[in-house]
Amino acid sequence: MVLTSREKTVIIVSHLVSLYSENMEQEKIPQGQSVIDFIMKNIPQEFKSELSMEIIDDVFNFIASRPMELS
């Protein structure tokens, strides 16, 4: 089974949210940089056209609804 471009984008966004959290804990994120800014700055160019607020919201909603399962 081959992943669609949307599925790959969701995976990348999820990974970037995780990296953002880790970097925040280690104080490696510039003051005032939001997770959205971090995603936009770090997502590979070939996936930017697929990126949307809907995808970012879906990832956040999924993570927020399962905090104990994912820790």
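Since every read-out is calculated from the coordinates, none of them should be taken as a lab result. Computed from a predicted structure; not experimentally measured. Reconstructed Cβ throughout: ideal geometry from the backbone, glycine too, with neighbour counts over all protein chains shown.
Farthest toward the dipole's positive end in the chain, which of 43, 16, 60, given Cβ charges of +1 (Lys, Arg) and -1 (Asp, Glu) about the Cα centre?
So the residue furthest toward the plus end is 43.
What relative contact order, as a whole-number percentage, does region 5-65 give when Cα pairs under 8 Å and 6 or more residues apart are counted?
52 percent.
Which whole number in µm²/s is D for the chain by Stokes-Einstein, with the Kirkwood Rh taken over Cα pairs at 37 °C and 0.692 mPa s?
254
Would you mind working out the magnitude of the charge dipole of region 5-65 relative to its Cα centre, with +1 at each Lys and Arg C-beta and -1 at each Asp and Glu C-beta, to the nearest 20 Debye? Could the numbers behind the result be given before it?
Numbers: 5 positive and 10 negative charges, 32 e Å.
Charge dipole of region 5-65: 160 debye, to the nearest 20.
What's the FRET efficiency of residue 64 with residue 1 using the Cβ-Cβ distance as r and R₀ = 25 Å, to the nearest 0.05?
Working: r = 28 Å, r/R0 = 1.10.
E(calc), rounded to 0.05, equals 0.35.
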